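Report on the following structure.
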Amino acid sequence: MTDILLSLFSAALINNLVLHWPLGVDPLLAVKERSRVHALGLATACLMLVVGTLGYLLDRWLLVPAQLTSLRLFVWLPLSVLLISPLLRLLTHWLPAQPFDGLWPLLLGNAGILGVTLLNSRNDQGLGQAMAFSLGAGLGFWLVLSLFDDLRQRVQDNDVPLPFRGLPIQLISVGLMAVAFLGLRGLVKT
């Protein structure tokens, strides 16, 4: 149980997919409306959990026994693409107040979803660890997305020199957040 909680904590904060490995940065910079931040974070976290778990099960029960591990990407990419629309419909049904419409392209282009399944197959520590890592990666993405949106709002209201306005100050801010998250690395020894 402790290993699963450490895996969840590590994936969310220490080995964050967006800050440690630059996976999923594109949706981070693409979301401009404040109301869509939490909808995108929730949809990404749910999709990472579902695709990471199903990808691990397909890998262990189908691809590895049949010695077809070279086809992992050809299995996982359609799996993630096919699950986006039903997941968004389900989330819209459960939470009608959240703006889930129009998130399909952002979820489709999120490399973090495919990265979770690749890292789960590389680690191969069991189904519980794969689920914890997938959920932790999704929650970490949601946390970074929320923090970055708040940081973007604060920078927008301040007087920023002309050469740093827009994307340059956003990238500098993401770099500083990555350094702050890197400070958490000494908490958990893996």
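Which ones in segment 60-79 are surrounded by fewer than 22 Cβ atoms within 10 Å (Cβ to Cβ) and either β-branched (Val, Ile, Thr) or under 19 Å from LEU17 (Cβ atoms) (or both)?
Hits for segment 60-79 are VAL64, THR69, ARG72, LEU73, VAL75, LEU77, LEU79.
Check off (1) under 30 Å from ARG165 (Cβ atoms); (2) within 15 Å of the chain's Cα centre (by Cα) for ILE84 and give me the number that stays unchecked.
ILE84 satisfies all of (1) under 30 Å from ARG165 (Cβ atoms); (2) within 15 Å of the chain's Cα centre (by Cα) except (1).
Restricting to segment 106-141, count the residues that are of a type in the set (D, E, K, R) and not in a loop (DSSP other than H, G, I, E, B). Let's see the steps before the verdict.
Restricting attention to segment 106-141, the residues satisfying the condition of being of a type in the set (D, E, K, R) are 122, 124.
Right, trim to not in a loop (DSSP other than H, G, I, E, B) and you get 122.
Qualifying residue count, segment 106-141: 1.
Filter segment 12-55 for residues that are of a type in the set (Gly, Ala, Ser), at pLDDT below 75 and under 10 Å from the mean Cα position of the chain (by Cα) and give the result.
Across segment 12-55, the qualifying residues are ALA12, GLY24.
Given (1) in contact with a helix residue (DSSP H, G or I) (Cβ under 6 Å, 6 or more places away or on another chain); (2) not in a helix (DSSP H, G or I), where does GLY102 come up short, assuming only one miss?
Single failed check for GLY102: (1).
Pairs needed: first member in segment 146-163, hydroxyl-bearing (Ser, Thr, Tyr); second member anywhere, surrounded by 10 or more Cβ atoms within 10 Å (Cβ to Cβ) and in a helix (DSSP H, G or I); C-beta distance under 8 Å; at least 6 residues apart or different chains.
Within 8 Å, the pairs are SER146/VAL37; SER146/HIS38; SER146/GLY41.
Suppose we filter segment 119-136 for residues that are under 16 Å from ARG72 (Cβ atoms) and either of a type in the set (Gly, Ala, Ser) or at pLDDT 90 or above (or both); how many remain? If you could, list the steps in order and put the result at the bottom.
From segment 119-136, those under 16 Å from ARG72 (Cβ atoms) are 119-124, 130, 134; that's our starting set.
When the remaining residues are screened for being either of a type in the set (Gly, Ala, Ser) or at pLDDT 90 or above (or both), the result is 121, 130, 134.
Looking only at that region, the number is 3.
Go through segment 119-152 and give me each residue that's surrounded by fewer than 17 Cβ atoms within 10 Å (Cβ to Cβ) and over 19 Å from VAL174 (Cβ atoms).
Across segment 119-152, the qualifying residues are ARG122, ASN123, ASP124, GLN125, GLY126, LEU127, GLY128.
Would you point out which residue out of LEU63, LEU91 is among the hydrophobic types (A, V, I, L, M, F, W, C), within 15 Å of LEU42 (Cα to Cα) and touching a helix residue (DSSP H, G or I) at 6+ places or on another chain (Cβ under 7 Å)?
The unique qualifying residue is LEU91.
The values are calculated or read from the model by the stated rules, or taken from the named source; none is laboratory data. Note that this is a predicted model, so its numbers are computed, not measured. Every residue, glycine as well, gets a Cβ built from its backbone with ideal geometry; the counts of neighbours run over all protein chains shown.
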